[in-house]
Amino acid sequence: MEFINIGKIVNTHGIKGELRILSSFRHKDKVFKKGMKLYVGKEKESFKINTYRFHKIFDMVTFEGINNINEVLYLKGRQLYINKEDLVLDDGEVYIEDLIGYDVIVGEKLVGKVTGVMYNSKANDNLRVGDILIPYVKDLIIKIEDNKIYYKSLGGLI
């Protein structure tokens, strides 16, 4: 199994075992749903989501079979993961980390290889190409194929 970090359990909420999660994961709509299996902490302890709701800046979940705050207190502060195989993306959607190592071509010019990803929860994510950050925006991307990302000409951006 390959695990993807999707956030952190930062606290509990109420007395019925609800957890507050801070997450900037791009595909929350595909992860935070009833029946989805989540893995917690270094041990990757497995839980299934029973309920989900969004509250203020938090993703709030309860797990199947847990109805008491005392059963989840020990999870506070732990990282939250999913199994990459459980993430089902729509056609044309890409898990952004899979783009690391891809060549970036802007117009007809090879700019370099993607070396990392910079997440931004309030705007678009960015691909790190050498010392440059390139916005990962569908409207700017012509196509992604053969380990290459083809961008429209970005004017003075690069």
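All of the numbers you see were taken from the coordinates with simple rules; none came from a lab. Here the structure is a predicted model, which is why all the values come from computation and not from measurement. No Cβ is skipped: glycine too gets one built from the backbone with ideal geometry, and neighbour counts run over all protein chains shown.
Working note: Cα atoms of the chain, range along each principal axis, descending, whole Å: 58, 29, 25. Applying the criteria of a DSSP loop state and at most 13 other Cβ atoms within 10 Å to the GluC sites (Glu not before Pro) of the range 80-111 yields Glu93, Glu108. Applying both filters, DSSP loop and at most 13 other Cβ atoms within 10 Å, to the chymotrypsin sites (Phe, Trp or Tyr not before Pro) of the range 39-100 gives Tyr95.
Couplings for the range 142-155, taken from phi via the Karplus curve 6.51 cos²θ - 1.76 cosθ + 1.60 with θ = phi - 60°, read 7, 6, 10, 7, 6, 6, 9, 10, 9, 9, 5, 4, 9, x Hz in order; Gly and Pro are left as x. Separation of the range 1-66 from the range 97-158 is 30 Å, based on Cα centroids. Scalar couplings 3J(HN,Hα) for the range 74-90, obtained by applying the Karplus form with A = 6.51, B = -1.76, C = 1.60 to θ = phi - 60°, are 5, 7, 4, x, 8, 6, 10, 10, 10, 7, 4, 5, 7, 7, 9, 9, 6 Hz; x denotes Gly and Pro.
Show log10 I(q)/I(0) for the range 3-86 at q = 0.11 Å⁻¹, two decimals, from a solvent-free Debye sum over equal Cα scatterers. For the range 3-86 at q = 0.11 Å⁻¹, log10 I(q)/I(0) is -0.23. Within the chain, the longest run free of exposed loop sites, counting trypsin sites (Lys or Arg not before Pro) that sit outside DSSP helix and strand states (H, G, I, E, B) and have at most 14 other Cβ atoms within 10 Å, spans 77-121.
Working from Cα pairs under 8 Å separated by at least six residues, relative contact order for the chain is 20 percent. FRET efficiency for the Phe54 to Ile144 pair, using the beta carbon distance and R₀ = 35 Å, is estimated at 0.75.
Counting only Cβ charges, +1 for Lys and Arg and -1 for Asp and Glu, the dipole size of the chain around its Cα centre is about 660 debye. Averaging 1/r over each pair of different alpha-carbon atoms in the range 96-157 and inverting the result gives 11.6 Å, the Kirkwood hydrodynamic radius.
Computed on the range 1-76, with alpha-carbon pairs under 8 angstrom and 6+ residues apart, the relative contact order is 33 percent.
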